[in-house]
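**Student:** Following this message is one structure expressed as structure tokens.
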Amino acid sequence: MASMTDLKKRKSSIESTGQITKAMKLVSTVKLQKARQKAEDSKPYFDFMYDTTTSILKLSEEIRHPFTCGNGCKKKAVVVITSNRGLAGGYNSNIVRKVTEDPSLDKKDVVIYPVGRKGKELLMHKGYEMGMDFSDSISAPIYADAYLITKMLINDYREEKIGEIHLVYSRFVNTVTQEPRSLQLLPVDPKQHTGDVDANTLMNYEMEEQEALEEIVPKYIASLIYGALSEALASENGARMQAMDNATSNAEEMIEDLELEYNRVRQDSITQELTEIIAGANAIS
């Protein structure tokens with residue numbers, strides 16, 4: 001049985017940890033409110049952009065272009081959005097698992113373009129090849145970050161260093177629910193469009209079809225990446241807030257258990273002291 005001194009030290013240590021996790025929860029709550037508002041405000045635009053572009057390409061399946069037909073390279077670029085910091089529960093590991101358990105993403109053919117140091121560290125440990133690191137973009141994402149990532153990816157795609165571009169991130173559902181999600185960005189797959197499309201509708205382009213795709217597809221990819229960055233930031237703060245709330249609750253439960261144990265040890269100590277006093281008095285008399 002632990003001594004009273006040991007129990008007091010353990011209780012003090014857990015109380016300090018509980019204060020830290022409570023403070024981190026409050027910080028994450030404030031950050032979540034801002035990130036969630038930003039994600040919710042931008043989500044309708046990016047959803048509409050996704051549906052519109054895929055529906056256009058669904059009606060233009062006869063167009064032959066590297067953006068829709070591929071370039072022949074077997075390498076697959078995977079943009080993996082995680083966080084730069086830990087203490088977010090299973091947030092980062094769930095994203096990494098989404099990559100490693102995808103049967104279409106064979107490790108020998110995959111190049112990871114990390115956005116977030118935690119995902120980069122975990123995937124490097126598993127032996128994945130790393131491409132350009134964009135981890136600084138997740139701290140406070142702006143559209144310019146998404147445009148830069150898109151530009152680098154498309155340059156690598158044009159130079160046939162990569163033949164596919166995938167995006168893996170966490171979709172923000174609500175404060176306690178974040179869903180890992182995977183999208184193929186290039187070649188653009190019109191079959192990803194799940195809405196109603198009239199096959200008899202004619203798709204006319206004011207400029208040449210090839211020129212139109214050169215303009216539309218990069219903007220489409222940049223929009224999806226920016227939307228993913230916004231949702232990922234909200235998901236990260238939601239996961240961290242939930243993790244810190246659980247840690248604070250666990251600390252409070254441990255403190256209660258230690259207080260009960262401390263009281264039992266203290267009572268046993270008092271009882272023993274009284275017994276010794278009485279025994280000593282009896283021996284003298």
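Throughout, read-outs are computed from the coordinates displayed, never taken from laboratory work. Just so it is clear, the model here is predicted, and its values are computed rather than measured. Heads up, the Cβs are rebuilt from the backbone with ideal geometry, glycines too, and the neighbour counts pull from every protein chain shown.
**Student:** Of the trypsin sites (Lys or Arg not before Pro) in region 82-189, which ones lie in a loop per DSSP and count no more than 15 other C-beta atoms within 10 Å? The partial results should precede the final answer.
**Tutor:** Numbers: sites: ARG85, ARG97, LYS98, LYS107, LYS108, ARG117, LYS118, LYS120, LYS126, LYS151, ARG158, LYS161, ARG171, ARG181; in loops: ARG85, LYS126, LYS161.
In loop regions of region 82-189 (DSSP not H, G, I, E or B), the sparsely surrounded trypsin sites (Lys or Arg not before Pro) are ARG85, LYS126, LYS161.
**Student:** Scan region 1-73 for GluC sites (Glu not before Pro) in coil per DSSP, keeping those whose Cβ has at most 15 other Cβ atoms within 10 Å, and list them by number.
**Tutor:** Answer in residue order: GLU61, GLU62.
**Student:** Is region 1-72 rounded, prolate or oblate when judged by the Cα gyration tensor, a ≥ b ≥ c being the square roots of its eigenvalues, rounded requiring a/c under 1.5 and prolate requiring a/b larger than b/c?
**Tutor:** prolate
**Student:** Once phi is turned into θ = phi - 60°, what whole-Hz ³J(HN,Hα) does the Karplus curve with 6.51, -1.76 and 1.60 give for every residue of region 135-146, x standing for Gly and Pro?
**Tutor:** After applying 6.51 cos²θ - 1.76 cosθ + 1.60, I find 4, 5, 5, 7, 5, 8, x, 10, 4, 4, 5, 4 Hz.
**Student:** Right, next: Could you run the Karplus curve 6.51 cos²θ - 1.76 cosθ + 1.60 with θ = phi - 60° over region 252-257 and give me ³J(HN,Hα) per residue in whole Hz, x for Gly and Pro?
**Tutor:** In residue order, the calculated couplings are 5, 5, 5, 5, 4, 5 Hz.
**Student:** Can I ask one more? Which value, in debye to the nearest 20, gives the size of the charge dipole of the chain about its Cα centre, when Lys and Arg are +1 and Asp and Glu are -1 at the Cβ?
**Tutor:** Details: 35 positive and 43 negative charges, 175 e Å.
Using Cβ point charges on Lys, Arg, Asp and Glu, the chain gives about 840 debye.
**Student:** Could I ask something else about it? Skipping prolines and chain starts, which residues have an amide H placed within reach, meaning under 5 Å, of the one on HIS166, given they are 5 or more residues away or on another chain?
**Tutor:** Long-range HN contacts for HIS166: ALA77, VAL78, VAL79, LEU185.
**Student:** Highest GNM mean-square fluctuation, the chain, Cα pairs closer than 10 Å: which of ALA239, ALA212, ALA222?
**Tutor:** Fluctuation is largest for ALA212.
**Student:** Along the charge dipole of the chain, pointing to its positive end and built from +1/-1 on Cβ of Lys, Arg, Asp and Glu, which listed residue (SER182, GLY70, LEU26) has its Cα farthest out?
**Tutor:** The residue sitting farthest along the positive end of the dipole is LEU26.
**Student:** Taking amide H positions as placed in the peptide plane 1.01 Å from N, state which residues far from ARG171 in sequence (5 or more) or on other chains have amide H under 5 Å from it.
**Tutor:** GLU179, ARG181
**Student:** Okay, moving on. In whole Hz, with x marking every Gly and Pro, tabulate ³J(HN,Hα) for region 103-119 from phi via Karplus 6.51 cos²θ - 1.76 cosθ + 1.60, θ = phi - 60°.
**Tutor:** x, 7, 10, 5, 3, 5, 10, 10, 10, 8, 10, x, 10, x, 5, 5, x
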